[in-house]
């Protein structure tokens, strides 16, 4: 997994350096950094994704996950709520349902702690 994530990071960083990065590039970069346990870099990547596409629920979901890991419960909750507001913009009903369940589950873990 480590070498896979490192390889993906190199690919995504190349897109960034070439000025070809999209919100999806940064989102994928965030998950790749997260896979390596580099949460601060993951957080910055998800912030970039959200800045490039303020309507991307998965950018905000990623922010919520990382905020929760680094102990910023309030920021995590805000990010998950923003993701929940945006998820209905997704065209695929099955995808919406799955993501809504993921968000609900994450919010439940925040209220339990």
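Laboratory data are not the source of any read-out in this text; all were calculated from the coordinates shown. Small disclaimer: the values here were computed from a predicted structure and weren't measured. As a convention, Cβ positions derive from the backbone with ideal geometry for all residues, glycine included, and neighbour counts pool all protein chains shown.
To the nearest ten degrees, helix 73-86 and the longest principal axis of the Cα atoms of the chain are 90 degrees apart. Angle of helix 93-112 to the longest C-alpha principal axis of the chain, folded into 0 to 90 degrees and rounded to 10: 70°. Can you tell me the 0 to 90 degree angle between the C-alpha axis of helix 23-35 and the longest principal axis of the chain, rounded to 10? So the helix axis and the longest Cα principal axis differ by about 90 degrees. The listed peptides 80-92, 29-41, 12-24, ordered by packing as a protection proxy, come out as 29-41, 80-92, 12-24 (highest mean of other Cβ atoms within 10 Å first). Were the residues from residue 92 through residue 109 laid out at 0.36 nm apart, the gain over their Cα-Cα distance would be 3.5 nm. For segment 30-113, the convex hull spanned by the alpha carbon atoms encloses 84 Å³ per residue. Full extension of the segment from residue 69 to residue 54, taken as 0.36 nm per residue of separation minus the current Cα-Cα distance, would add 3.2 nm.
Counting alpha carbon pairs within less than 8 Å and at least 6 residues apart, what relative contact order, in whole percent, applies to the chain?
Once divided by the residue count of the chain, the mean separation gives 18 percent.
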